[in-house]
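The values are calculated or read from the model by the stated rules, or taken from the named source; none is laboratory data. Computed from a prediction, not measured in an experiment: that's the story for all the values here. Glycine also receives a Cβ, built like all others from the backbone with ideal geometry; neighbour counts cover every protein chain displayed.
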């Protein structure tokens, strides 16, 4: 019984690792980013984040994180969250070009 339990427990990480390899890199990055975003929001809340910021950010997530960067942090709270997410993302192995943050000058 103990040997069987050890075999099953030992197989779980291998199965998880295989499942992780089967997911394309873009999806893996998005999963990591969503986890970082969820953790940051759980800790800090959404107070001080504008509807525009949240809507644009949600739109980025809805595209599996493939939409063009279009989330412009304007308030101090938005900039603070963006900075936290940049650090969390870089620590999670993502590149800075992956992130949704960009502020463009009006045409």
Filter result for residue 77 (surrounded by 12 or more Cβ atoms within 10 Å (Cβ to Cβ) and over 18 Å from residue 27 (Cβ atoms)): yes
All positions within the range 26-53 that are outside any helix (DSSP H, G or I) and exposed (fewer than 13 other Cβ atoms within 10 Å of the Cβ): 45, 46, 47
Selected residue (criterion: modelled with the lowest pLDDT) from residues of the range 94-107 that are exposed (fewer than 12 other Cβ atoms within 10 Å of the Cβ) and not in a loop (DSSP other than H, G, I, E, B): 96
Top-ranked residue of the range 75-93 - restricted to ones that are assigned to a loop (DSSP other than H, G, I, E, B) and on the phi < 0 side of the Ramachandran plot, ranked as nearest to the chain's Cα centre (by Cα): 92
